[in-house]
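The values are calculated or read from the model by the stated rules, or taken from the named source; none is laboratory data. Note that the coordinates shown come from a computational prediction; the quantities given were computed from them, not determined experimentally. Quick reminder, even Gly has a Cβ in these numbers, built from the backbone with ideal geometry, and neighbours come from all protein chains shown.
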Amino acid sequence: MRTGVPGILAQLFLASAQALLLGFLTKFTYLALIIVLILAGTGMPIPEDIPLVFSGYLCNKDHSPIKDLTILRDVDHDGVKEEVHRKVPHPYWMIAAGMIGVLLGDSIVFTIGRHGIESNGFVARHLRKVMHSKRREKVERHFAKHGDMTIFVGRFLPGFRSLIFAFAGLSKMSYFRFLLIDGLAAAASVPFFIFLGWKFAGEINKVWWWIDKVKHILLPIVIGVAVMVALIYFLRRRRKAAAALENV
């Protein structure tokens, strides 16, 4: 844990940012979730689980803070606005909003990988130097053989997700295929986190604590397994290449 003035300032900044995020979700619900998830998908440092869980919490009719909020509305259509309680969002519509936000964000990254490298921008020109034709061919071969699994696993790897999806676009992978695999993975995570917030809305602080603990344990394990699988894959490829040279 960070200590001293820099650590305290960092914690205050994170707490303020989270408060702004949750306030935005409370005010604009479905639209806010779509926007936040698009930003998260395009590389902004926003973990997807927090807005999804909080959106599920907002859908709980017994515990949602929205049930105590009022808005001015012309109920009788007589030109006179009255204070009425806001409707609590429906969890099914919230899941739909979550899926839209996730898939739009991922699609933007995929499209940048597909077309962005061919632009005339400084970054694109640098990428073309790094990703020369041979490297791009390797990326294309990898996604041709293992693209489905790479996309599916990549959806659960924050920090690596955007890079993987950009490489998928760079590899000229079919967008329909990408959207199908990414959608299947999102269909597992999005409803889960929203249901978690909805079901345990009365103990939302415990949910935050539980998620934080699991992330600190599970994420290193997932990354470690992914690294091991990648190492095994490349070692096997190297052995096959060496064996092929010996047989020549």
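Observations, loosely collected:
- Here Met131 fits the description: over 22 Å from Gly98 (Cβ atoms), modelled with pLDDT under 85 and surrounded by 12 or more Cβ atoms within 10 Å (Cβ to Cβ).
- Pairing residues of the stretch 82-103 that are at positive phi with residues that are surrounded by 23 or more Cβ atoms within 10 Å (Cβ to Cβ) and in a strand (DSSP E or B), at Cβ distances under 8 Å and at least 6 apart in sequence or on separate chains, gives no pairs at all.
- Residues (over 19 Å from Gly224 (Cβ atoms) and among the small types (Gly, Ala, Ser)) located in the stretch 138-169: Ala144, Gly147, Ser162, Ala166, Ala168, Gly169
- Of all residues in the stretch 167-193, exactly one satisfies the criterion of being among the aliphatic types (A, V, I, L, M) and either in a loop (DSSP other than H, G, I, E, B) or touching a Cys at 6+ places or on another chain (Cβ under 7 Å) (or both), namely Met173.
- Looking only at residues of the stretch 141-155 that are modelled with pLDDT of 85 or more and hydrophobic (A, V, I, L, M, F, W, C), we find that the one that is farthest from Thr42 (Cα to Cα) is Met149.
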